[in-house]
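Before any comments, here is the structure.
The values are calculated or read from the model by the stated rules, or taken from the named source; none is laboratory data. Because the structure is predicted, anything quoted here is derived from the model rather than measured. Positions of Cβ are backbone-derived with ideal geometry, glycine not excepted, and every protein chain shown enters the neighbour counts. Keep in mind that these areas ignore ligands, DNA and RNA; they rest on the heavy atoms of the full protein, side chains included. Shrake-Rupley method; radii C 1.70, N 1.55, O 1.52, S 1.80 Å.
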Amino acid sequence: MDEWASEGTVACVNSCSSIGIGLAGFGTVGSGVWNTLQRNGDLITGRTGGNVVMHIAKILVRDLAKTRSTTTDAPAEMFTTDWHALVSDPAVDIVVELIGGTTDAFDIVAAALRAKKPVVTGNKALLAERGPELFAISRETDTPIHFEAAVAGGIPIIHAVQASFIGNRIKSFSGIINGTSNYILGRMTDAGLSFAAALQEAQNLGYAEADPALDVNGWDAAHKAILLAALAYGFTVDPEKIHVSGIEQVRPTDITFAKNLGYVVKLLAVIREHPSGAVELRVQPSFIPQAHILASVHGVFNAIAVHGDAAGESLFYGRGAGQDPTASSVVADLVEAARTLRQPSGHRGFLPYQESGELLPVEETSTPYYVRFDVTDRPGVVAEIARILADHGIGISGTHSPVNPSNPDADFVDMVFLLHTCTFGKLQGALHAVEELDCVNSTPVVFRIESLA
């Protein structure tokens, strides 16, 4: 019997063998899984009627000499640096992939599936970029991939879409699904920090990685959005065909302007099915109304609003990252995988149910917009930009040129335009023409203004 099983589980262990887990990765989340099983193993066994008893049989790490911190140290003989040894070990029944990346992780998951060992992973980049290959192997071997931890940390959104919403046509998702960006934007809003200062604070607190690129450029959120779209609409999504922009160009000017208009700035993922059947999928900084519930999502928390045709609107809210929340989702998947091994009930991982689907080109999506131009401060600038917008059939609801109190005579200013609803393609055409003006000094910065009705 393994270390975390208490005396109360002896009878079950004797009557049904304990399921062995191969843990690939023993960093923050991997050690969190160890601690959760150690702390709550008896609870899990009781809640499953004695049908699920699990123990960690082997742990894959990159460096055996590295000092590791867990509530109870794992014995040295559990560790290996050879992933082949982990996957092929007959004591390993389920493989948990937590090493990240898309190369070694792919090899581990593919090998486990071919060995007919269920896989649990929190690797959204792997599934978003190489999911079609892995899900094909999963279907071929009738061996599931479970990935609750890949989207929104401890929020059980994957299970909800797979099970609770199985009878619904999902009309839309709208979500804040990257806690790092949400923290940065919140500090810019509440404390008036610059993007650079807010990012540095997030890094100092451990909310942002030393290389925060995937968080701030929008792609961490995009990988999660791709998985949600694939689950809801049944076809694999090509990452190269979706529109993603991050928060790197957000300035205090934008935050202040949004606040004065009754909005807040959030990095928003929008997934929406149109009447034609085409699916809109985009991630970008957006103005959302202060009265909307997503506007009150602060710090590193995540929230996802789901609209089903039968269930109506539902909101999922919680910690989107961190050791314990993510480990909680991994352990939930482990229990599901273990139940399937004990009592086969069909493939419960994701299986695409459509051979293909249609993504709506981002050029055909429509919202109002906030656009900031860096311009040379001279007479006629507003008129020149307004003329080009009018030539492209885009209406203007307002303009503003913030005054710089520290240098009111500056040669360069930020000019803000609020634009009526139009297609993104029409806006892009107009902005390309605006960029040709000699008074415009850089690429315009665009925020969508979302109603989220």
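Quick notes
- Three-way shape call for segment 257-363 based on the alpha-carbon gyration tensor, with the a/c threshold at 1.5: oblate
- Contour excess over end-to-end distance, with Cα ends at Ile293 and Thr421 and 0.36 nm allotted per residue: 43.8 nm
- Entry for Cα extents along the principal axes in Å (calculated from the structure that is shown) out of [x] 94, 46, 45; [y] 85, 47, 36; [z] 67, 55, 41: [y]
- Cross-link reach list, lysines versus Lys224, counting only Cα pairs under 20 Å and skipping chain neighbours closer than eight places: Lys124, Lys171, Lys241, Lys266
- Note on Ser164 and Thr28: the extension gain reaches 46.0 nm, defined as 0.36 nm multiplied by sequence separation minus the Cα-Cα distance.
- Value of relative contact order over segment 70-216, rounded to a whole percent, pairs C-alpha under 8 Å and six or more apart: 14 percent
- Rg/Rh (Cα only; Kirkwood hydrodynamic radius) as it applies to segment 81-158: 0.95
- Counting heavy atoms of the protein chains alone, Leu199 has an accessible area of about 30 Å² for a 1.4 Å probe.
- Cα→Cβ-extended label distance, 7 Å offset, between Ala311 and Ser194, nm: 4.4 nm
- For Glu77, Glu129, the ranking by accessible surface with the largest value first comes to Glu77, Glu129, using a 1.4 Å probe.
- From the Kirkwood radius over Cα pairs of segment 113-261, Stokes-Einstein at 37 °C and 0.692 mPa s returns a whole-number translational diffusion coefficient of 192 µm²/s.
- Normalised contact order of segment 26-152, rounded percent, pairs of Cα under 8 Å and 6 or more residues apart: 19 percent
- Ranking of Arg282, Arg47, Arg387, Arg130 by solvent-accessible surface, largest first: Arg47, Arg387, Arg130, Arg282 (1.4 Å probe, protein heavy atoms only, all chains present).
- Value at 222 nm in deg cm²/dmol, rounded to 500, when DSSP H runs of n ≥ 4 in the chain each add -39,500 (n - 2.57): -10500 deg cm²/dmol
- Using the Cβ-Cβ distance between Leu437 and Ile396 with R0 set to 25 Å, the FRET efficiency works out to roughly 0.95.
- For segment 146-153, 3J(HN,Hα) per residue [Karplus equation, 6.51 cos²θ - 1.76 cosθ + 1.60, θ = phi - 60°, Hz, x = Gly/Pro]: 10, 8, 4, 6, 6, 10, 6, x
- For Gly218, distant residues with modelled amide H under 5 Å away: Ile247
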